[in-house]
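Everything below concerns the one structure shown next.
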Amino acid sequence: MKTGGGLRRRLLTTYLLLVLFGLSIFVIRYGWLAQDSQVEQLEHEQELRAFILSNALEESVNEYLQGELPAESLQSRMNDLADSVKGRLTLLDSRGSPLYDTQVDVATIPNQWGQVEVQAALAGGEEHDIRLDPLVGDELLYVAAPIEHEEETYGVLQLTIPTRDMWAQIRQSWLSLLGTGLVVIIAAVLISLWLARSILEPVKALQQAAGRMAAGNLEQHIPVTRDDELGQLSQAFNLMAARLQRLIEQQEDFVANASHELRTPLTTIKLRVEALMGGARRDPAIADRFLAEIESELDRLARLTDDLLTLAHVEAGLDSLKMEKVELPFLLNEAMITFRPRAESGHITLTTESVPLLPAVKASPPQIRQVIDNLLDNALKYSSPGDVVTVSCRRMNGQVAVSVTDTGQGIPAADLPHVFDRFFRVDKAHSRTSGSLGTGGLGLSIVRSVVTAHGGQVSIDSQEGKGTTVRFTLPLYAE
């Protein structure tokens with residue numbers, strides 16, 4: 001639980017930091033752009049107003065300067081225009097000296113010749129400036145436009161408005177932007193919580209299932225509700241749990257079967273030894289028979305031990321096998337020589353159908369020889385006098401295939417899926433015939449393990465009463 005909570009916090013923190021970082025950059029960048037845009041828009045509007053007002057006053061100023069218009073009329077005209085634009089108008093002569101102001105006594109206004117907006121207006125351009133007015137103590141926006149008549153500049157009209165309304169609008173824009181950002185952050189928190197939960201639900205389920213498995217409960221299955229990497233992880237966990245459970249069940253069955261296989265000969269040996277110690281040794285015939293049975297059971301124990309060691313060695317992996325270039329016909333001929341006396345004693349025909357020119361395979365010679373021996377042992381074991389056992393070897397689909405076919409009793413269809421299982425016997429009574437070379441129930445299991453470890457495949461075809469064919473393949477040797 002702590003791990004899940006910590007991961008949830010880390011995911012949530014990561015999401016929020018990313019959102020906050022990106023949102024902060026956006027808010028700051030957009031806010032400054034919006035502020036600059038608002039200031040620039042206001043400045044442009046006032047410059048345009050100043051130009052319009054200067055044109056509106058052009059005739060009046062010209063008449064005033066010519067003595068044709070009383071000062072009161074000019075002042076009244078300027079006051080009306082100032083009210084219309086809700087600003088302050090100051091009339092300056094061509095040297096920057098104030099002639100009239102709609103709000104302040106001109107005697108208190110210093111010469112405006114050095115102000116940037118005045119210089120720009122006299123030069124025929126446009127300029128603005130934001131500065132504190134020493135008379136009223138407020139921050140003001142100053143713009144100016146020339147007053148001309150017949151291409152002669154008579155003076156400058158200076159328009160002044162307070163900036164407080166502009167800054168109030170800018171503050172409102174910042175508040176709206178920050179409010180929007182806060183809404184985005186809240187939405188990001190909710191989405192992050194949902195994402196963290198949706199991501200961690202399968203992880204938490206995996207954690208809990210793994211904990212139950214560690215406690216010994218292997219029957220675990222996680223519902224797969226999504227088709228992404230986490231869903232694939234859940235599927236892989238379910239597959240791993242199922243395989244682990246099967247492996248443990250197989251291990252338990254293997255231990256039980258191995259214990260049974262070991263207990264049976266040991267019990268037989270113990271009973272024969274007790275009989276001999278109890279007086280049976282006084283009868284030479286009975287003593288000889290019991291000793292022969294003890295020797296047979298000891299051989300059986302030795303074969304079982306060798307087979308178990310072989311399985312353990314093979315299942316350790318390819319690294320434990322000494323792989324080399326192998327000519328399969330050579331191994332088949334050796335095996336035929338070994339098993340021919342046994343076949344002849346049982347009146348069974350043992351033949352071979354191998355192709356003389358076959359590519360070499362990559363294999364461990366002792367392991368592959370044991371595979372061939374186990375297949376021939378089974379074929380002879382389940383054949384009767386007059387039957388035929390045929391060994392063939394040919395190239396097939398880029399590999400070399402070896403087949404062992406007999407015309408013996410065959411395998412029932414219900415038993416075919418289990419013949420490669422350890423300690424499985426089709427005919428338990430027959431499999432314990434003393435003349436067999438392999439251990440009942442492990443021969444085909446060893447065959448499958450060895451061939452699989454070599455990168456090959458094993459298959460079996462059989463019909464009850466008609467015989468059996470076992471085929472295995474091995475990869476070619478690459479120089």
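Computed quantities for the displayed model
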item	result
Given (1) crowded, with 16+ Cβ neighbours inside 10 Å; (2) assigned to a strand (DSSP E or B), number of the condition Gln112 does not satisfy	(2)
Val39 being in contact (Cβ under 8 Å) with a residue 24 or more places away in the chain and within 30 Å of Ala188 (Cα to Cα)	no
The range 79-91 residues that are in a helix (DSSP H, G or I), paired with ones that are at pLDDT 95 or above and not basic (Lys, Arg) (beta carbon under 6 Å, 6 or more apart)	none
Identity of the residue in the range 94-105, surrounded by fewer than 15 Cβ atoms within 10 Å (Cβ to Cβ) and touching a helix residue (DSSP H, G or I) at 6+ places or on another chain (Cβ under 8 Å), that ends up farthest from Ser73 (Cα to Cα)	Ser94
Top-ranked residue of the range 70-93 - restricted to ones that are of a type in the set (Ser, Thr, Tyr) and within 23 Å of Glu43 (Cα to Cα), ranked as surrounded by the most Cβ atoms within 10 Å (Cβ to Cβ)	Thr90
Of all residues in the range 141-164 being out of contact with any Leu (no Cβ under 7 Å at 6 or more places or on another chain) and either outside the structural domain of Glu45 (by TED's automatic domain parsing) or over 18 Å from Gln35 (Cα atoms) (or both), the one that is surrounded by the fewest Cβ atoms within 10 Å (Cβ to Cβ)	Glu151
Residue that is modelled with the highest pLDDT, among those in the range 191-231 that are in a helix (DSSP H, G or I) and β-branched (Val, Ile, Thr)	Ile191
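The values are calculated or read from the model by the stated rules, or taken from the named source; none is laboratory data. Values in this document were obtained by computation on a predicted structure and should not be read as measured data. Using ideal geometry, Cβ is built from the backbone for each residue, glycine included, and neighbour counts are taken over all protein chains shown.
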